[in-house]
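In what follows, a single structure is set out as structure tokens and then discussed.
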Ligand SMILES: Cc1cc2nc3c(=O)[nH]c(=O)nc-3n(C[C@H](O)[C@H](O)[C@H](O)COP(=O)(O)O)c2cc1C
């Protein structure tokens, strides 16, 4: 794949050199573009030596120190047409602001406007710059535009503080870029909302009820969907998994929080996959103080949590809704009942309570039931493989429903 790497003027510019190596190791051809500020941090010669290509350092021939780099007067248009992916690392606060607002005052920002392929942004900056309302607004504009993000990591920053802002590891950025080399881009244009993990329902300030869901199935789905070109929002309960690169995550704790997050994203979604194991009951009036142990029994009166799947089923309109049914008994009957009562287009049923597959495991075995009356068995296989099969079936079902005149 042909990758154009834009290097911004941040302290992490030197790490872009490692990124060139990581991209080349994966077989990609890299053309480096440096902003004027980037050249204050690293010499173009470093990138030229690593990439084996002249580095583009300016928009106008003669305007920069490397005036011989431009092979045509409209090189930015040529590069925009010739390359498959544009990755910007480090994407400084300044570059994010220019991209968000369409400012084109140097080669990289002009190339960005002329480029029609996938864009991967790896921001890096001081935590206060990252958290600033202006940067956050620019980020949401760029995420909305469908760009993929290698979000910065938490850690020690060059400015001597700690917090979010450190450039993602070059290998992780290269992995994200590599996804665009995938031949299957059949989910481009889709905005998929995925829920994952358990919920925690507090009993007092220190105790809660939860379940054994690890979130692995939902995270595998998010990972597979983003690799196939979808814009993915992941509403996740408390799990110990890293958010897949390129996925926008909303972290929640309780069923009520999950319901609110799902409803706020519903309008923008074309497909909703509810893989989370949401608690069925919760304590509606949580005491403010820790309950004391006494010799007496502890009666607990729990209320049903909001039925998120049913509410989405009522409000989904033309969107596709996929539910999960995790059962220990009468799996298929329960899954069919769920499909009808919750107005789902597909239910992925998995037997839980057995060793090796289901909750917490890396493998899964599922039965996929569709509104068109199909029953498809998948697994036992890695959850990443099961995720691909589920996405295949979602696309296939949509074609079937359209063919039989049902709009989904
Ligand atoms: C020593 C130093 C380090 C800097 N590091 C960063 C940084 O990590 N991230 C950032 O957004 N800006 C950083 N800046 C500010 C940018 O260099 C400045 O906003 C510049 O205009 C960005 O240019 P660009 O649009 O070419 O990236 C730094 C500035 C200096 C002097």
From the set of residues in segment 282-301 that are touching a residue at least 60 places away in the same chain (Cβ under 8 Å) and touching a strand residue (DSSP E or B) at 6+ places or on another chain (Cβ under 6 Å), which is farthest from residue 387 (Cα to Cα)? 286
If a residue has to be modelled with pLDDT of 85 or more and in a loop (DSSP other than H, G, I, E, B) to count, how many in segment 142-169 make the cut? 7
Test result for residue 150, under 16 Å from the mean Cα position of the chain (by Cα), surrounded by 24 or more Cβ atoms within 10 Å (Cβ to Cβ) and not assigned by TED's automatic domain parsing to the domain that holds residue 325: yes
Of all the residues that make up segment 159-174, how many are more than 19 Å from the chain's Cα centre (by Cα) and either more than 13 Å from the ligand (Cβ to nearest atom) or closer than 28 Å to residue 28 by Cβ (or both)? 1
Hits in segment 100-112 - residues which are surrounded by 14 or more Cβ atoms within 10 Å (Cβ to Cβ) and either more than 15 Å from residue 38 (Cβ to Cβ) or outside the structural domain of residue 165 (by TED's automatic domain parsing) (or both): 100, 103, 104, 110
Among residues belonging to segment 72-123 that are out of contact with any strand residue (DSSP E or B) (no Cβ under 8 Å at 6 or more places or on another chain), more than 15 Å from the ligand (Cβ to nearest atom) and not in a helix (DSSP H, G or I), point out the one that is farthest from residue 57 (Cα to Cα). 116
Which residue, of 52, 10, is more than 11 Å from the ligand (Cβ to nearest atom) and assigned by TED's automatic domain parsing to the domain that holds residue 165? 52
In the set 226, 177, 232, the lone residue that is surrounded by 17 or more Cβ atoms within 10 Å (Cβ to Cβ), away from the ligand (no atom under 16 Å from the Cβ), over 27 Å from residue 306 (Cα atoms) and not assigned by TED's automatic domain parsing to the domain that holds residue 25 is 226
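The values are calculated or read from the model by the stated rules, or taken from the named source; none is laboratory data. Please read these numbers as outputs of a predicted model, since none were measured by experiment. Cβ: placed from backbone, ideal geometry, glycine included. Neighbour counts: every protein chain shown.
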